[in-house]
Amino acid sequence: MLQSPEHVIHKYLKGSLEISAFEGSLDALESTHNPLRYGFFSLGIRELVSNHVIERLGPNEKVVACEWWKDKPRKKDTTTAKRTEKMEYAIRGGLSDEFVTQVLKLNLSVIIDRTHQAVDELNKYVHYTEDTFNIAPSIGNKLVENTLLAVQRFFEVIDDLKNMVSEALETSLHDSVMYASIDDVLKEVDVLATHYIVEGSGVNLITIDSIDDQSIKVKVDGYVDVEHQYGSDRDFDKGDGTRIGASYPFIINLELDVHDPLNFNIETDDLIIDTDDFYGDENEDYEQKHERSKETPQTEDKPSPFDPTQYF
């Protein structure tokens, strides 16, 4: 079922300040005898989006530190990024134009155009003018509805484009992770047998946790197949040793250079292998524990069609 714009917007807000600013803007509409109520609502939403949300998504000091921002032609020297550039940062961080277009195979013009469209639409509704002074409730209700829809689309555009970049990056990283050697960093396996041989490994999931002006934080879920050997090779040849195959899930935590994301090595401290099954752990397995750790309590969303009159 479709959710109301205010319900969707709430999901994107972070921290008590943003939530309070949004709820305060809606509360302004309850002053039914105040001819400025629609103006106060518009100003509140503008303050929320322009001075809080956009700054959180694209901090000015991080945006202007990006090479792609420095390379853009400008009419005059400035150290202040535009709102559209801050949105662009929220989507791709410090990834260069070349990397986005040539490696990720994404159309950068489409990303930029969609951010401009989202900002232009917001600008239609979040400015206080004579059009918001002492207007009829029917006109005011439509203004509120259009404003909330524009804010919702603003968040959804950023989210959609950010997911598009992350998914393309995850795909590009897959081969690099597969080719990276992990033979020498399996410290958790070292203690399980006299010797072991890595027979193979695989990647189940790559997740981009964050991208900023300097680095990309990545989590890799995968598995490694090994053969444990108990006793020396001579013992095994005499029939006194044994070899046992096993497969263990692992997590790799990586912090990549945003300027060269596909050039990295896997170090010992990056790799966490779950060997509980080796000891016959009867508790929930690694996959269950990992999935449970990602889960958050879900509440059923009840349909609530938007009705501007609820604020009057």
*Nearest 20 debye, what's the magnitude of the dipole of the stretch 1-149 about its Cα centre given +1 on Lys and Arg Cβ and -1 on Asp and Glu Cβ?*
380
_So if each residue of separation counts as 0.36 nm, and I subtract the Cα-Cα distance between I266 and H7, what length gain in nm does that give?_
89.0 nm
*Share of Cα-Cα pairs in the stretch 25-140 lying beyond 18 Å, as whole percent*: 60
*Principal axes first, then extents: for the Cα atoms of the stretch 55-118, list largest minus smallest coordinate on each axis, whole Å, largest first.*
30, 23, 21
*So how much accessible area does M87 have, in Å² to the nearest 10, using a 1.4 Å probe?*
0
_Cut-off under 5 Å, modelled amide H: who pairs with G241 long-range_ = F236
*Hey, what do the phi angles of the stretch 37-51 turn into as Karplus ³J(HN,Hα) couplings, whole Hz, using 6.51/-1.76/1.60 and θ = phi - 60°, x for Gly and Pro?*
4, 5, x, 5, 4, 4, 5, x, 5, 4, 4, 4, 6, 6, 9
*Which ³J(HN,Hα) values, rounded to whole Hz and listed in residue order, are derived for the stretch 83-92 from phi using the Karplus coefficients 6.51, -1.76 and 1.60 in 6.51 cos²θ - 1.76 cosθ + 1.60 with θ = phi - 60°, glycine and proline given as x?*
4, 5, 6, 5, 5, 4, 4, 4, 8, 10
*Search the structure for amide H atoms under 5 Å from the amide H of Y196, placed 1.01 Å from N in the peptide plane, and list their residues when 5 or more places away or on another chain.*
Q229
_Cα lying deepest toward the dipole's positive end in the stretch 32-101, options L57, P35, T80, charges on Cβ_ = P35
*Provide the FRET efficiency to the nearest 0.05 for the A168-N60 pair, computing r from the beta carbons and using R0 = 22 Å.*
0.25
*Work out, step by step, the length gained on full extension between I112 and K219: first 0.36 nm times the residue separation, then minus their alpha carbon distance; give nm to one decimal.*
35.7 nm
*What's the extension gain from D97 to N146 if we count 0.36 nm per residue and subtract their Cα-Cα distance?*
14.3 nm
*asked:* On the Cα set of the stretch 84-123, report Rg and Dmax in Å, please.
replied: 10.7, 34
*Near the amide H of L106, under 5 Å away, which other amide H atoms are found, from residues 5 or more places off or on another chain, if H is placed in the peptide plane?*
T101
*asked:* Can you compute 3J(HN,Hα) from phi for each residue in the stretch 95-111, using the Karplus curve 6.51 cos²θ - 1.76 cosθ + 1.60 with θ = phi - 60°, rounded to whole Hz and x for Gly and Pro?
replied: 4, 6, 4, 4, 5, 4, 7, 8, 8, 7, 6, 10, 8, 5, 4, 5, 4
*What is the spin-label model distance, in nm, from K105 to A136 if the labels are put 7 Å beyond Cα along the C-beta direction?*
5.5
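The values are calculated or read from the model by the stated rules, or taken from the named source; none is laboratory data. Just so we're clear, the structure is a prediction, and the values are computed from it rather than from any experiment. Note that each Cβ is placed from the backbone with ideal geometry, even for glycine, and that neighbours are counted across all protein chains shown. The accessibility values were calculated without ligands, DNA or RNA, using every heavy atom of the protein model including side chains. Shrake-Rupley method; radii C 1.70, N 1.55, O 1.52, S 1.80 Å.
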